[in-house]
Amino acid sequence: MKIDSPRITSFQPPARTLMGPGPSDVSSRVLAAMARPTIGHLDPTFVGMMDELKSLLRYAFQTDNELTFPVSAPGSVGMETCFVNLVSPGDKVVVCINGVFGQRMAENVRRCGGVPVIVEDPWGAPVDPAKVEEAFAANPDAALFAFVHAETSTGALSDAATLAAIARRYGALTIMDCVTSLGGVPVLLDEWGIDAAYSGSQKCLSCTPGLSPVSFSAAAVERIRARKTPCPSWFQDLGLVLGYWSGAKRTYHHTAPVNPLFGLHESLVMLAEEGLENAWIRHHNNHLRLRAGLEGMGLKFVVREDARLPQLNTVWVPEGVDEAAVRGRLLNEFGIEIGAGLGALAGRVWRIGLMGHSSRPANIVLFLAALESVLRS
Ligand SMILES: Cc1ncc(COP(=O)(O)O)c(C=O)c1O
């Protein structure tokens, strides 16, 4: 043997309170569900659990869409699944950019051979419906419209109902990123007329990272069926994945992440037990608690009041304060993780998450006391 066995023992993660832009704290119920015995991914019992998962996701997304299931990969793959299936070479797509994740949507359109028509808004602002209307008026042949409902890089929430209605008037299908919004604020796919949506397991659903719930309307499915060129990704080709996730007889497509799916099932059961509306109210009330404390310390929010995400609070770093040093001390002395700014906001803001199981008064009291002590010293 050429390579000696490395002297490495079991990994023990430190105790942390996750108050950044995700992942959020995972409850012991979800962790316990994931520790249950692994079974085969085509075991009839497992297939029954998959069907329950689809029903639970339809509730979370508020949709009757038959094609609703978790992609076996993180939110970025949910994003790609929407674009590689819906965008064909030459398609025009109106894409809104008001932060990092809108930029990624535009890049997805380019890589699918589509032509992005960019609608830009400042980082920290929601998408401006008037600019979207202008973009469609100038490009009435655009087939698709894409926007980020909850921009995690800034903490801004956009008006999904108004935006999707504009696209519908121009006959375009809407793709919505609800990675950070699902479970934290209303996400009403059917009422708003959203045709394709993707989310993530690790934000307000408070499961572990690595799964991406997606949902497609009947119109989106029709568009996918009518493609003239095959979907460029084998793994994400919905026509193939569906043989595994739906129908009377399930066939092998890939080996599903069995135990993480137990975890997602449990986190969605917890959401259903709490009730969606109650989860939205909890996120809102805890945001108000955090906001009172932050403003009491003189900190200012980046996003205007009517577009603030309750689950992701972005504040300006006070003049003369070393933002990375504060984050480091919160982590090392108090075990609290918060997020730094990205892109245009790098080094200038903190992003404080109150997502899912992390959205609890005890976390807020701990964080405010810790931040005050660090800022004082
Ligand atoms: C709005 C948004 N979209 C997409 C993603 C990508 O998700 P993931 O990191 O799970 O791939 C994220 C992750 O933070 C996000 O916040």
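The values are calculated or read from the model by the stated rules, or taken from the named source; none is laboratory data. Being a predicted model, the structure only gives us computed values, none of them experimental. Here the Cβ positions follow ideal geometry from the backbone for every residue, glycine too, while neighbour counts run over all protein chains shown.
Here are the numbers for the structure shown:
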quantity	calculated
Unmet requirement for L240, which otherwise passes all of (1) touching a helix residue (DSSP H, G or I) at 6+ places or on another chain (Cβ under 9 Å); (2) at pLDDT 90 or above	(1)
Answer from I352, I281 - the residue that is closer than 30 Å to F61 by Cα and either assigned to a loop (DSSP other than H, G, I, E, B) or touching a residue at least 40 places away in the same chain (Cβ under 8 Å) (or both)	I352
Qualifying residue in the range 215-231 (condition: within 16 Å of the ligand (Cβ to nearest atom), crowded, with 21+ Cβ neighbours inside 10 Å and not in a helix (DSSP H, G or I))	yes
Of residues in the range 105-118 being within 16 Å of the ligand (Cβ to nearest atom) and free of Cβ contacts under 8 Å to residues at least 60 places away in the same chain, the one surrounded by the most Cβ atoms within 10 Å (Cβ to Cβ)	V109
Only listed residue being β-branched (V, I, T), closer than 23 Å to A362 by Cβ and in contact (Cβ under 8 Å) with a residue 24 or more places away in the chain, chosen from V302, V326	V326
Residue in the range 141-157 that is more than 26 Å from L312 (Cα to Cα), hydrophobic (A, V, I, L, M, F, W, C) and within 16 Å of the ligand (Cβ to nearest atom) present	no
Only one of R327, R308, R360 that is closer than 15 Å to R16 by Cα and touching a strand residue (DSSP E or B) at 6+ places or on another chain (Cβ under 8 Å)	R327
Conditions (1) closer than 21 Å to P116 by Cβ; (2) away from the ligand (no atom under 11 Å from the Cβ); (3) touching a His at 6+ places or on another chain (Cβ under 7 Å); number of the one not met by A196	(3)
Criterion (assigned to a helix (DSSP H, G or I) and out of contact with any Asp or Glu (no Cβ under 9 Å at 6 or more places or on another chain)) met by exactly one of L205, L163	L163
Some residue of the range 123-135 being under 29 Å from D237 (Cβ atoms) and away from the ligand (no atom under 11 Å from the Cβ)	no
Criterion (in contact with a strand residue (DSSP E or B) (Cβ under 6 Å, 6 or more places away or on another chain) and closer than 29 Å to L354 by Cα) met by exactly one of L57, L67, L53	L57
Filtered residue count, the range 146-183, keeping only those that are polar (S, T, N, Q) and touching a helix residue (DSSP H, G or I) at 6+ places or on another chain (Cβ under 7 Å)	5
Per-region count, the range 45-104, residues more than 16 Å from the ligand (Cβ to nearest atom), polar (S, T, N, Q) and outside any helix (DSSP H, G or I)	5
Which numbered condition A160 misses (of (1) small (G, A, S); (2) in contact (Cβ under 8 Å) with a residue 24 or more places away in the chain; (3) farther than 30 Å from L53 by Cβ)	(3)
Failed item, numbered, when R169 is tested on (1) touching a strand residue (DSSP E or B) at 6+ places or on another chain (Cβ under 8 Å); (2) among the basic types (K, R); (3) more than 16 Å from the ligand (Cβ to nearest atom)	(1)
Any hit, the range 241-262, residues being part of a loop (DSSP other than H, G, I, E, B), surrounded by 12 or more Cβ atoms within 10 Å (Cβ to Cβ) and aromatic (F, W, Y)	no
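Yes/no per residue for (1) out of contact with any Leu (no Cβ under 9 Å at 6 or more places or on another chain); (2) among the polar types (S, T, N, Q); (3) closer than 20 Å to I224 by Cβ:
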residue: G90; (1), (2), (3): yes, no, yes
residue: Q103; (1), (2), (3): yes, yes, no
residue: A130; (1), (2), (3): yes, no, no
residue: L144; (1), (2), (3): no, no, yes
residue: T154; (1), (2), (3): no, yes, no
residue: D159; (1), (2), (3): yes, no, no
residue: A165; (1), (2), (3): yes, no, no
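The rows are residues; the columns are (1) among the aliphatic types (A, V, I, L, M); (2) surrounded by 24 or more Cβ atoms within 10 Å (Cβ to Cβ).
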residue: I175; (1), (2): yes, yes
residue: G183; (1), (2): no, yes
residue: L188; (1), (2): yes, no
residue: T208; (1), (2): no, no
